[in-house]
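The values are calculated or read from the model by the stated rules, or taken from the named source; none is laboratory data. Bear in mind the structure is a predicted one, so any value in this text is a computation, not a measurement. Glycine gets a Cβ as well: all are built from the backbone with ideal geometry, and neighbour counts include every protein chain shown. Note: accessible area is taken over every heavy atom of the protein model, side chains too, but ligands, DNA and RNA are not part of it. Shrake-Rupley method; radii C 1.70, N 1.55, O 1.52, S 1.80 Å.
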Amino acid sequence: MNNSIIINKKINPFKKIIKVTGDKSLSIRWVLFSSLASGISKADNLLLSEDVVAAIEAVKKLGIKVNFKDNKCLIHGKGISGYKYKKNITIDAKNSGTLGRLILGLLINTPYPIKIIGDQSLSKRDFNRVAFPLSKFGAKFELNKNHGLPLKIFGTKQSNPIKYFEEKGSAQCKSSVIFAAMRTEGKTIIKAKKSRNHTELLCKYLKLPIKIRSKKNLDLIEVNKVKRITPLNYKIPSDISSGSFFIVLASLVRNSELLIKDVSINPSRIGIITILRKMGVKIKFEKQKVYKGEKIANIRVKSPKILKSINCPPKFNAGAIDEFLVIFLVAAKAKGISFFKNLSELNQKESPRLEWGSKILNLMGIKTITTKDSIKIFGNPNLKVDKKIIIKDYLKDHRVFMTSVIAALAFGGKWNIHDKDSIKTSFPSFLKIIKDIKK
């Protein structure tokens, strides 16, 4: 079967209303929290991507029953200490760094070693960044020489509370430590660089013993042992990371307007909105509300006549870390030179995304200057691509694929983009929504 897509025609101006799939970060966290709850939790609009299915399969291996009824996912939690640990368990995190790292925090008490594996891309990512703090609780780890997967975790009977400074702005590392602290007697204190806070918001909504004090650049988090988690019935909001591709498409196609319904606008996730507004894109939040701790709104986007370059303040990085590839496309059409820095974390993703961002722009004819953690983009407001471009060998990074599709539709040229199945990890309906917009 052909696993590539050919795009050889720009998209026409459009005015559309769409709804994207459930938020991946919230979907995986719902699965993990629900597996620890005392009773049955139900979810609507759960994202059934490969990453989320991998999370479901992981908790099933730990003795948790999961079933589907009337388009709802039901998880039969057995309590905070309800996992059944068996010998020779292997958990396959597939492509999901969120699952691979977060679940380690839930396994610190396993009496038997548990093996974590992943796909080619995930296996290359750094797991020492989470193994190091978790080892302070008393767990032990066997990692390969590159600190990637596969790894083994050896639990401890008596975990100890820790003090931990999360300095990379990684929500995955922070969340893994929070999960470990939930299973540990005493008070764990975390000082964390600002990053996504979905885990903390769910803890607060569930009234778990967690305290958060927000400073200018840091959060101070105190976590005590959790005795009980109530079941969590949840309608998963739509994913702003998925919506970002269509936000950018509407920004780049003159005389276009788009409304995306019921999107999570968690302040730790809307860096792309802040950045694009500064670049001249007209974006409004409509019908805002708070749902179980998360802010939700409809997002309306109108294409501007002129896009402005940006010297992007690093304080926006954490809130846009998954969206920079597609943000770079906006900078490619902006008037002037855009500069993005302190982005080394981009190369800790499914592929070295900073390199791929530069490569895609260069193939389009845009000049860039890159370092190991920064990129200058020399924008061209009149950019039109009229050549053949092939995108392949990118470790099947779903965001490289989707960014390339948006570039092809916005700028023209003849694109052959390989590995379209990569979208199954996070956004299986991406191409269907593209097709609906083009109608």
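Brief remarks on what is shown
- Using C-alpha pairs below 8 Å separated by at least 6 residues, the relative contact order for the stretch 364-414 is 35 percent.
- With a simple spin-label model that places each label point 7 Å from the Cα along the Cα-to-Cβ direction, the separation between Phe68 and Lys435 comes to 1.9 nm.
- The residues of the chain have, on average, 43 Å² of accessible surface per residue, using a 1.4 Å probe with all protein chains present.
- Working from Cα pairs under 8 Å separated by at least six residues, relative contact order for the stretch 66-157 is 28 percent.
- P(r), alpha carbons of the stretch 149-231 - 10 Å bins starting at zero, rounded %: 18, 50, 28, 4
- Extension gain from Arg213 to Lys84, taking 0.36 nm per residue of separation minus the Cα-Cα distance: 42.9 nm
- For Thr110, the residues whose amide H sits under 5 Å from its own are Gly155, Thr156, ignoring neighbours fewer than 5 places away on the same chain, with H placed 1.01 Å from N.
- At R0 = 22 Å, FRET efficiency that the Cβ-Cβ distance of Glu57 and Ser4 yields, to 0.05: 0.20
- Counted over the chain, the DSSP beta bridges are approximately 70% antiparallel.
- Net lengthening on full extension, Lys341/Ser268 (0.36 nm per residue, minus Cα-Cα): 24.4 nm
- Carbon and sulfur %, accessible surface of the chain computed with the full protein complex present, 1.4 Å: 49
- Nearest-10 value in Å² for the accessible area of Glu185, using the 1.4 Å probe: 110
- On the principal axes of its alpha carbon atoms, the stretch 87-215 extends 37, 31, 24 Å, with the longest extent given first.
- Added length on full extension, which subtracts the Cα-Cα distance from 0.36 nm per residue, Lys278 to Lys157: 38.4 nm
- Cα centroid separation, the stretch 351-410 to the stretch 34-113 (Å): 36
- For Lys295, the residues whose modelled amide H falls within less than 5 Å of its own, excluding neighbours fewer than 5 places apart on the same chain, are Ile265, Asn266.
- Helices of the chain meeting both criteria, an alpha-carbon length of 27 angstrom or more along the long axis and an average Kyte-Doolittle score not below 0.0, with helices taken as full DSSP H segments, do not occur.
- For Asp92, the solvent-accessible surface computed with a 1.4 Å probe is close to 50 Å², ligands and nucleic acids excluded.
- Rg/Rg_ref, the stretch 1-95, where Rg_ref = 2.2 N^0.38 Å and atoms are Cα: 1.44
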